[in-house]
1. List every residue whose amide H lies under 5 Å from the amide H of GLY586, counting only residues 5 or more places away in sequence or on a different chain, with H placed 1.01 Å from N in the peptide plane.
2. How far, in nm, would the chain grow between LYS321 and ASN777 when pulled straight, counting 0.36 nm per residue and subtracting the alpha carbon separation?
3. Quickly rank 937-944, 502-509, 14-21 as a protection proxy: mean count of other C-beta atoms within 10 Å, highest first.
4. Can you compute the FRET efficiency between LYS788 and LYS705 using 1/(1 + (r/R0)^6), with r the Cβ-Cβ distance and R0 = 30 Å? Round to the nearest 0.05.
5. Any idea how far the Cα center of region 586-621 sits from the one of region 499-533, in Å?
6. Work out how much length SER824 to ASN470 would gain on full extension: take 0.36 nm times their residue separation and subtract the Cα-Cα distance, in nm to one decimal.
7. Roughly speaking, to the nearest percent, how much of region 857-932's 1.4 Å accessible area is carbon and sulfur?
8. So, in nm, how far is label ALA627 from label GLU652 when the simple model puts each one 7 Å beyond its Cα toward the Cβ?
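The values are calculated or read from the model by the stated rules, or taken from the named source; none is laboratory data. Just so it is clear, the structure is predicted and the values come from calculations on it, not from any experiment. A quick note on method: Cβ atoms are made from the backbone with ideal geometry, for glycine too, and the neighbour counts reach across all protein chains shown. All accessible areas refer to the heavy atoms of the entire protein, side chains included, with ligands and DNA or RNA removed. Shrake-Rupley method; radii C 1.70, N 1.55, O 1.52, S 1.80 Å.
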Amino acid sequence: MLSNSVSACLLCHTEVLTKNFKRHYEIQHSLIQFDLKKYESVYSLFKAKAIGKETHKRTTTQRIDSFFQKAKKPRLESTIETTDECTNTNAQIQCENASSLSTGTSITLPSTIIISTQQLNDNDNLRFNDFQTMKSKAEYNTNSSIIGGKHDILDTCSSQPQSIADEQCESYHKDMTNKNDEIQFIVPNAEEGVTQRVLVGAKLKVLLDIDLVTLIGRSCDEYVSDEVFLTETREQLSDMKEKITKILEICDEQLQIIETSADIGYLRKRMVPLDPGIQSSRKYNRSELRYLVENGPYRPVVKVYPKDESMRKSTNRFTSKWYDEYTFLEYSDSTNAAYCFVCRLFGSGPGWEQGEDAWTKGGKKGKLDKHFNSKSHHASIQKYLNFKLIHNNVDMMLDKNLQEMEQNQIQQSMTNQTAITMLIDCARFLMRQNLAFRGDNDEDSNFFQIVNFLAKYNPVMAKWLQGRKNRPYKIHYMSNDSQNEFIKLLGGKVQVDNLNEIRKSIFYSVMADTTPDFSRKEMFSICIRYCSENLEPKERLISIKEVVTKTGSGLSKAIINELNDLELDCERLISQSYDYANNMSGRWNGVQAKLSEHLGRNIIYIPCQAHRSNTVIKHSCSSLEVAKLFSVLQSLYNYFTSSTKRLSLLNEKYKSNIFALIPKTTSTPRWSATFKSLKAVYESYVEILAALSDIVDDDGSYFDKESRSEADILLDNIKKFEFLSNLIFMKNVMANTNSLTTILQKQELDLITASEIMSVTVSLLKTMRNDDESLHNVIKLSEKISVKNGIDPDLEFSVKHRRRKPPRRIDDNPNTAHQFTRQSYCIKNYREVLDNLILGYSEVIKNIEGNVKSISKLLPSRLSSFDIKDAQIVSDMVRIKHHELLLSEIHILTKSESFTDNVTKVRDLATIINQSKQHYPNLFIAYSFLLSLPVTVASNERSFSRLKLIKNRLRSTMGDERLFHLILCPIERDTLDSQCVTELAKIWEKNKHRRMPLASFF
């Protein structure tokens, strides 16, 4: 039967059954998608050849025997064979497109038509129906075989007189000699390289069509003797052998070029879309299946997936959480639908049926669970596993060229992967160190320079840069767009990892603050404090973007919207922390009030303790003497730092004192600035006096009159006993408060421990206040320094604080009125400052105790007094159902061997609970709640510091998303450093269709 006949494929010369030709064409010659028009054009010629083979019943030797029997001559032993013939000389040609063939060149023999390849190429619309009744004499350039050409001549010669046969042979020979320029390939849309193929085909055509026809014609001549015929045959065959040898050399050269050229198969695979929504119902060939299996399910991750508006409830949407639950689940951006990866590739329909609406009808536990537990799905999985086992299938194992091509692809992909990982690492380095990526031009940018630096010592990177011109589209992935992709990749991965960790926590708190940036935009920073699975408190930046409104209601809505966009459950939000601004901390219209109002429940408000401490210090320094001290300190800073001449003079004086410090400003918002300013002037007091004296004594040759006048005023202000005594006293006081403020900024600090540290600070301040000896020592040290620098303390005090007697109408004995001494006056001022500090810190501690209530008794030193009432209060706060179980766990913990006197900190006790959390489940929840309570908004302030470094006058126009990623990475360095660059490269490759593969996909 015709379906079981074998013929050579016109494109690759492979022997193929007629019934299997379509599958062969799809696998080997289909590029992006199956082209029916081109397939029918090629198949029609293939089937015509198959028909010729099927109907031909006699070989060339049989025809020669028949000829010699009629000529009564002995049989010539010939081994000439034919490839394609059509022998029915009485058939009539019926062609629907006969008119289209009339313009082509044809040679008409009796009952025979030879159709040139020019006609076939000019008529791409030929179909198999055109050849059903036509005995075609088609020619194919690769083997140059004439379908029905040579052997129909033999038929004609055997049935007609010899003169007619000679005339036909000569006519055919002459015509074919003049038609060599019409030889073309029957390959639609042939690519480059066809010139060599045409050359080889032309040589074969001349070789076979002319030489063999002449030889066969001589065999028909009865006047040629056997000896002459055999001699000529030998000469012709020898000449053919030389020509065939040359053609074989040309073929070998071209094959060598093809093997080392770009991989066309790879280009074909790269054009297969990964998105399941694109051509979801098509069938893939083996190479395409291998490419898709290597890439795995298509799983784009976005912040918010689009809703399905066709459903009654428009809240239905896809979620990336399902990726973890269903191994082969994939999502299409183009169709907004879920698909089954294995069923799409290896199933006949279940993947599509379940994928279109499985997640929108019936919910996650509906059709998704039903499909992924179905028999058809498991059958597809088995086919998928079998396909992976035969990844290097029989074709690949038998074809050395394919094996070598595959190895070259793997080697090239490994080079690509190494280069991309190095580029990502370069981007990570620049982001981590707050360095700009770009410069005045690409070559001078930091990114290009660091890559070029690596290329000097790394051969892979050097090869990558040198081979840029040889790659498709000259890709190098160092452009501005590629740099932005790397920034987005790193920042996005850090953000995703942080959010995943936050989602696993039991509770979390929100901290927010605002600040203007360099471009005068109000930037709103949001941080989250939570407790990890190991009971470690952590604070993460989740957002920083511009806000238009600064009202309490507007900012609270912005916080809620951001939490919803990041898929953070607001039900687990337990507390909030802001600074002391009215719009943030207002009791009625502040963010802290509006957030509770919008969520419909009370959210604990804990003011920033560092801001509270700074406020307490500011209010305690409201006395006239202390206020004047800080004013003089700021004036000193402004005077010396505003002029390079004055500062250089001061530096010259500093050479004699290794402990001397440049004056610091007191107006900076940093909480430790006040203490640093006091310390700098105290350590450099003598050098500052000398510098000011030199400026005042200058004759005007170096400093102008205005500078000398300001120096004289400053010298008069600091060369006083009152200034020195207040400077020394406030330095000692600020040393204690600065230590407190520094400790409060630590992330691992919990609210109860912060309260304990404040209590210790208050105790130190009380001790200082009641210790007369220490206060007198401050006065004595001030007197010593004053005398050493030519200052008379008593004279100064007597001038400013002379004795004033009350009038006799008020006091009959004015001589007995109380008179302040210099020591008593100083001590009174000292104690006034200390009293204000003690009162302020005591109020802060009281507010903390009111916020945490009985949870403060979770401090290790207070657990012994924890009773049933405290257990009830704590259980209500942290949502524990049975408070009796909490109390029992506390009793068991306090009596365990691990609870010793050395356990004094909450973090130490949390470590013990974490090690045995299966025994203390309720205590684990309670301490998670405690450690999730914020202490300060220092993390927000750190983000603003990064903002000032990144968004400066040279980088003031970047968008919020890029700015956020550049700020996030240097802040979250632990998460950034933990990223695997190989995984990042894999994510980068899957983000969109790349023009090259990476090693992770082979």
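1. Placed amide hydrogens put VAL591, GLN592 under 5 Å from GLY586.
2. 157.5 nm
3. Numbers: 937-944: 22.4, 502-509: 18.8, 14-21: 14.5.
Result, highest mean Cβ count within 10 Å first: 937-944, 502-509, 14-21.
4. Details: r = 31 Å, r/R0 = 1.02.
With a Förster radius of 30 Å, E is 0.45.
5. 16 Å
6. On the way: separation 354, 0.36 × 354 = 127.44 nm, distance 8.80 nm.
Taking 0.36 nm per residue and subtracting the Cα distance, the gain is 118.6 nm.
7. On the way: 2070 of 3960 Å².
Taking all protein chains in place, region 857-932 shows 52 percent carbon and sulfur surface.
8. 3.9 nm
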